[in-house]
Structure formats: C-alpha cells, structure tokens
Amino acid sequence: MVFKFIPSPHGVGEASVLAVADSKIQDVAQQIFDEAQRLARAEGLGAYADSMRITTGARPKGRGFREVIADDPDGEKYEWGDSDTERRRILGQAAGVQINVQGNGKTGMGK
C-alpha cells in the first residue's frame, strides 16, 4: 500500500510562521544567556557562569519556549543575596527585568 502526503497550504504557512517565531525565541534566549555569562564572569563567578544553560520546552497548547537557567548550588544567593552575599540579579539584569518597589509597598516586575 502506498501513502501519499499532500501538505495543506494553510498548514505549511502556519509551520513556517512557527519556525520563524521559534528562531526568534532562540535568538533572544541566546542573547540573554551570553549576557548572563558575561556578567557572571565580570563578577568573578566563573562556576556560576558555567552552570548556565538554555532549556527548551512546549506549553500545554504547543507554543514553544526557552529558559535560561543556572544550576549552581549558590545561585539563589548570587541572584537574590543573603546576609553574607550582595544581591547581583545576574539573570534578571541579562533579561532586562527591573524590579520596582511601588508606593503601596508591593513589589512589581516590569521592563
């Protein structure tokens, strides 16, 4: 038995749009990754920089995403600080995220 696949023009167009979007998402993730590693190394945190990687996944409805993560055991203190370590927010800085303390005492995140 021979099976013949005839692509739908609508499906092909949709797939190419998704491929372009996925490529752009990867480009942004790579830029954040590169900047985060640069910032970490500038702070003398080579092991933290080496622990960074880009992960890939899909949301429940199929939309793809990328995450830049760091698997260093001390990563939390480098990002948020503690009583002995200054807060650096390396991943936040690399992503261009600003944390603003609003007049009502609540913390909001914005770009």
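Reported count of residues in region 69-98, each being modelled with pLDDT under 90, aliphatic (A, V, I, L, M) and not in a helix (DSSP H, G or I), is 1. Being modelled with pLDDT of 80 or more and assigned to a loop (DSSP other than H, G, I, E, B) is a property that does not hold for Pro7.
Restricting the first member to region 68-83 and to residues that are more than 15 Å from Ala36 (Cα to Cα), and the second to residues that are at pLDDT below 90 and of a type in the set (Val, Ile, Thr), the beta-carbon pairs closer than 6 Å and six or more apart or on different chains are Lys77/Thr85. Note on region 22-52: among residues that are polar (S, T, N, Q) and surrounded by 14 or more Cβ atoms within 10 Å (Cβ to Cβ), the one that is farthest from Gly96 (Cα to Cα) is Ser51. Scanning region 53-66 for residues that are in contact (Cβ under 8 Å) with a residue 24 or more places away in the chain and either loosely packed, with under 12 Cβ neighbours inside 10 Å or in contact with a Leu (Cβ under 9 Å, 6 or more places away or on another chain) (or both) yields a count of 1.
The values are calculated or read from the model by the stated rules, or taken from the named source; none is laboratory data. In this text, all values refer to a predicted model and were calculated from it rather than measured experimentally. All Cβ positions, even for glycine, are placed from backbone atoms using ideal geometry, and neighbour counts span all protein chains on display.
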